[in-house]
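Enquirer: Just passing along the structure, written as structure tokens.
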Amino acid sequence: MAEPETLRSADGALQARLEAVAGPVRIAGREATAYGYNGGVPGPTLRLRPGDRLQIRLVNRLDAPTNLHVHGLHVSPEGNGDNIFVTVDPGESFDYDYRLPEDHPPGVFWYHPHHHGTVADQLFGGLYGAIVVEDPEELPVARERVLVVSDTSLDAAGRLRQPSTMERMMGREGELILVNGQVRPVLTARPGERERWRVVNACTSRYVRLRLDGQQLDLLGIDSGRYAEPRRVEEIVLATGNRADLLVTTAAGTSTLQALGVDRGGMGGMMGGSVSGDVGPLATLEVTGDEAAPAAPVPPSPRSRDLRGTEVTERRRLTFDMGMGGGMGGGMGPGGMTFTIDGREFDPDRIDQTVSVGTVEEWTITNTSPMDHPMHLHVWPMQIVAEGGRPVDDVRWQDVVNIPAGGEATVRVAFDDFSGRTVYHCHILDHEDNGMMGVIAAG
Ligand code: C2O
Ligand code: CU
């Protein structure tokens, strides 16, 4: 398995140049006419530490507008920070400047375009890359790997295949599923080694259920920060946009990293059809050779904050829905379908939620449609406190929270710092492009 090039911060700073290009890029072992940052799929991995300053010059060599979102980073949404209202036209460039707080949670994050209307097309074409924020104290592992899982569809000539109307409604799932831009790469290790895998679900719409039978998996966290204790798991479900920070302790033999389908609902009575997206083998892990010396124990995690005992300033209810035609926003999605939050389609000039800096809020997010919607809030991570009305009994911080068809989840958010305007949306990016997004303003 090849990994993308790593760009690492030094002395508290990283300066990088990301050129979004259209043209020949290497995908699945062949030349494809697709997109890539700096000509690669995925783009370079950015490795940072809490407190760092990250400066990125984004150069647009596509034939459509683009911009950049640093998904999951707790940084300012204003000016040339994580400002998704910026438009970078073809041939132009933009200088982003992000400052990570000293107490930024460790974990794996990622970057991708966020120009409303073309987000799904640009991700599906190959524009994404990983960001790692290191732990204050490194974990004792034999090696770290970054696995960016993504999907796309290419025709016989290696050109991007355009999705059908139905695929846009359901959220397109590519025919090719890739790890670091490759089909079924091979990883090798010695028995008894502990590895740390950073897995990003960069698929446009697909959810994946990952298994690695025959190997020991301990989950350190999903999305942001770490659990108090690593959790022994058999499988992990990642909605689009989620990431897993995982320890793999190897045992001799050959194991297959499987991506199994996830039933994320369908159009229900509206049109029939559902998505389960069975995938099959993603990668092969070959473990051979002499047994490695036992790894040192994993030190306890820096304690994550728990908002369950905190006083809540404001409670809100948000409703994700899909309908046939004539939404209040007036827009019309594929097949006449509308994708709404609180009955409205996205309008960049309207503020849907106004929050006060320094407060803690509780949001109950309901999904009245027959399809799951993974809810993503920019800038501020969410602590899941209840699912389907049942309280959650551990501390779970995520920035993408799946809201099951006909279900709900309750999260708490600490709006401690950062003012400005940003968005929350469904991370099935075809839904986001079709209006399932709202604007939040903090002040
Ligand atoms: Cu990963 Cu608003 O996006
Ligand atoms: Cu959705």
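Enquirer: Can you tally the net charge around residue 334? Count Lys and Arg as +1, Asp and Glu as -1, for every other residue whose Cβ sits under 14 Å from the Cβ of residue 334. Don't skip to the end; give the middle numbers.
Expert: Working: positive: 168, 172; negative: 121, 167, 345, 430, 432, 433.
Summing Lys/Arg as +1 and Asp/Glu as -1 gives -4.
Enquirer: Follow-up. Give, to the nearest whole percent, the P(r) tail of the chain beyond 40 angstrom, counting all Cα pairs.
Expert: 12 percent
Enquirer: Ignoring ligands, DNA and RNA, what percent of the accessible area of the chain is carbon or sulfur (1.4 Å)? Please report the intermediate quantities before stating the final value.
Expert: Details: 7640 of 16370 Å².
On the chain, the fraction of accessible area on carbon and sulfur atoms equals 47 percent.
Enquirer: What value, in deg cm²/dmol to 500, does the helix sum -39500 (n - 2.57) over DSSP H runs of n ≥ 4 give at 222 nm once divided by the residues of the chain? Intermediate results must be reported in sequence, preceding the final value.
Expert: Numbers: 3 runs with 17 residues, N = 443.
The per-residue figure over the chain is -1000 deg cm²/dmol.
Enquirer: Between region 36-108 and region 386-443, how many Å separate their Cα centres?
Expert: Here the two parts' Cα centres lie 21 Å apart.
Enquirer: Expressed in nm to one decimal, what extension gain is obtained for the pair residue 364 and residue 256 from 0.36 nm per residue of sequence separation less their Cα-Cα distance?
Expert: Working: separation 108, 0.36 × 108 = 38.88 nm, distance 3.81 nm.
Separation in residues times 0.36 nm, less the Cα-Cα distance, equals 35.1 nm.
Enquirer: Could you report the chain's accessible area per residue, 1.4 Å probe, as an integer in Å²?
Expert: Values: 16370 Å² over 443 residues.
Here the residues of the chain average 37 Å² of exposed surface.
Enquirer: What number comes out for the charge environment of residue 58, summing +1 per Lys or Arg and -1 per Asp or Glu over other residues with Cβ under 10 Å away?
Expert: Net of charged neighbours comes to -1.
Enquirer: Given +1 on the Cβ of Lys and Arg, -1 on the Cβ of Asp and Glu, and no further charges, what dipole in debye does region 102-239 carry about its Cα centre, rounded to the nearest 20?
Expert: Values: 17 positive and 21 negative charges, 109 e Å.
Dipole size: approximately 520 debye.
Enquirer: Just to be sure I understand: with springs between alpha-carbon atoms less than 10 Å apart, which residue in 57, 168, 350 has the highest mean-square fluctuation in the Gaussian network model of the chain?
Expert: Checking each option, the largest mean-square fluctuation is seen for 350.
Enquirer: Let me check I've understood the local charge: for residue 407, count other residues with C-beta under 15 angstrom from its C-beta, Lys and Arg +1, Asp and Glu -1. What total comes out? Don't skip to the end; give the middle numbers.
Expert: Values: positive: 264, 317, 390; negative: 263, 321, 372, 387, 408.
Taking every other residue near residue 407 into account, the sum is -2.
Enquirer: Grab the Cα-Cα distance for residue 17 and residue 229, subtract it from 0.36 nm times how many residues apart they are, and report the gain in nm with one decimal.
Expert: On the way: separation 212, 0.36 × 212 = 76.32 nm, distance 3.71 nm.
Using 0.36 nm per residue and subtracting the Cα-Cα distance, I get 72.6 nm.
Enquirer: Also: Among 256, 152, 66, whose mean-square fluctuation peaks in a Gaussian network model of the chain (Cα, cutoff 10 Å)?
Expert: Residue with maximal mean-square fluctuation among 256, 152, 66: 256.
Enquirer: I've got another one for you. What's the longest bit of the chain with no exposed GluC sites (Glu not before Pro), using DSSP loop states and at most 14 other Cβ atoms within 10 Å as the test? It would help to have the intermediate numbers written out before the result.
Expert: Numbers: sites that count: 5, 92, 102, 137, 138, 175, 234, 291, 311.
With a cap of 14 other Cβ atoms within 10 Å, the longest stretch comes to 312-443.
Enquirer: Run the quick spin-label model on residue 317 and residue 305: label points 7 Å from Cα toward the beta carbon, then report their separation in nm to one decimal.
Expert: In this crude spin-label approximation the distance works out to 2.7 nm.
Enquirer: Using a Gaussian network model of the chain whose springs link C-alpha atoms within less than 10 Å, name the residue from 185, 299, 230 with the highest mean-square fluctuation.
Expert: Fluctuation is largest for 299.
Enquirer: I'd like the per residue volume of the convex hull spanned by the Cα atoms of region 1-74, given in cubic angstrom. Write out the running numbers ahead of the final one.
Expert: Numbers: hull volume 7.6 nm³, N = 74.
Taking the convex hull of the Cα positions in region 1-74, it is 102 Å³ per residue.
The values are calculated or read from the model by the stated rules, or taken from the named source; none is laboratory data. Here the structure is a predicted model, which means the values were calculated and not measured. Cβ atoms come from the backbone with ideal geometry, glycine included; neighbour counts cover every protein chain shown. Please note that ligands, DNA and RNA were not included when accessible areas were found on the heavy atoms of the full protein model with its side chains. Shrake-Rupley method; radii C 1.70, N 1.55, O 1.52, S 1.80 Å.
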